[in-house]
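Shown next, in structure tokens, is the structure this report addresses.
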Amino acid sequence: MTELELYYNKFNEDKRLTSRHGRVEFVTSMHYIHECIEEILNGRDKSEVKLLDIGAGTGRYSVPLSEEGYDVTAVELVKYNLGRLKQKGSKVKAYQGNALKLKRFEDNSFDITLLFGPMYHLHKKEEKLQALSEAYRVTKPGGRILVAYIMNEFTVLTYAFKERHILEALEVGMLDNDFHCTEKANNLYSMMRLEDIEQLNKELKITRKKIISSDGAANYMRPF
């Protein structure tokens, strides 16, 4: 069992997105998912809109979207999360799979593709490009891909400065001289800067429409 699987076997993903601060992320993300759907709907029935949720976790997004009437497919790496998703008894077509290899799906299969979890845990640039490339491949021309990243600056401002770990972080090499979180093989999360995201998009010739802060002011709600 991988470190990632061990982590998510213990971590309550459902609870995270139903907590007070987690709901901000959920509501914000759903708002923009619906906005993207409206942009490509073109008078079609909801059941004709095909969505793919890569790294679906326990189905926090895929299940309610399916309940709204959309044709939803979910891919999840961690067996425990996949089991929790299937226990919810929804119409979501759920499979175990890896964001780096979506061989199950043909090119141009989905109108909307969500890539909300995988990029958090991919450290090598080549892997990030592969995951984004696969999401692009299975998305129809004119479709939408929504990608979630953990932003470097938010992490530094919160952990290093607000929580006063800056000296410790510098001493152990967690930050470089440019205040960029260093990438180490045993890190669970990978931090990105805006220029890192732009470089990935440029190499794959993908057009970015928006950058959204899904958390917003949610961090200030955590004590409650």
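The values are calculated or read from the model by the stated rules, or taken from the named source; none is laboratory data. A quick note: this is a predicted structure, and the numbers were derived from the prediction, not measured. Cβ coordinates were reconstructed from backbone atoms using ideal geometry, including for glycine residues, and neighbour counts include every protein chain displayed.
Observations
- Pairs with Cβ under 6 Å, 6+ apart, first in the range 73-89 and more than 21 Å from Val49 (Cα to Cα) and assigned by TED's automatic domain parsing to the domain that holds Phe116, second polar (S, T, N, Q) and surrounded by fewer than 22 Cβ atoms within 10 Å (Cβ to Cβ): Leu77/Asn98; Tyr80/Asn9; Leu82/Gln96
- Every pair of residues 6+ apart whose Cβ atoms lie under 8 Å, when the first sits in the range 158-187 and is in a loop (DSSP other than H, G, I, E, B) while the second is among the β-branched types (Val, Ile, Thr): Gly173/Thr182; Met174/Thr182; Asp176/Thr182; Phe179/Val156
- Scan of the range 196-213 for residues that are within 18 Å of Met151 (Cα to Cα) and either among the hydroxyl-bearing types (Ser, Thr, Tyr) or not in a helix (DSSP H, G or I) (or both), ordered by number: Arg208, Lys209, Lys210, Ile211, Ile212, Ser213
- Considering each residue of the range 131-145 in turn, none proves to be of a type outside the set (Ser, Thr, Tyr), surrounded by fewer than 22 Cβ atoms within 10 Å (Cβ to Cβ) and more than 19 Å from Ile206 (Cβ to Cβ).
- Qualifying position, being in contact with a Phe, Trp or Tyr (Cβ under 9 Å, 6 or more places away or on another chain), modelled with pLDDT of 95 or more and under 20 Å from Tyr189 (Cα atoms), among Leu129, Leu146, Leu100: Leu146
- Phe116 vs. criteria surrounded by 14 or more Cβ atoms within 10 Å (Cβ to Cβ), assigned by TED's automatic domain parsing to the domain that holds Cys36 and aromatic (Phe, Trp, Tyr): yes
- Checked against the criterion of being farther than 28 Å from Ser19 by Cα, in the same structural domain as Ala74 (by TED's automatic domain parsing), surrounded by 11 or more Cβ atoms within 10 Å (Cβ to Cβ) and not hydroxyl-bearing (Ser, Thr, Tyr), the candidates Leu122, Leu175, Leu204, Leu170 yield just one match: Leu204.
- Residue within the range 120-134 that is touching an Asp or Glu at 6+ places or on another chain (Cβ under 8 Å) and aromatic (Phe, Trp, Tyr) present: no
- Output for the range 147-171, where each listed residue is of a type in the set (Val, Ile, Thr) and either over 25 Å from Asp215 (Cβ atoms) or over 15 Å from the mean Cα position of the chain (by Cα) (or both): Thr155, Val156, Thr158, Ile166
- The strands (runs of 3 or more DSSP E) falling completely within the range 41-146 that include 1 or more residues that are under 26 Å from Lys210 (Cβ atoms) and among the small types (Gly, Ala, Ser) map to 71-76.
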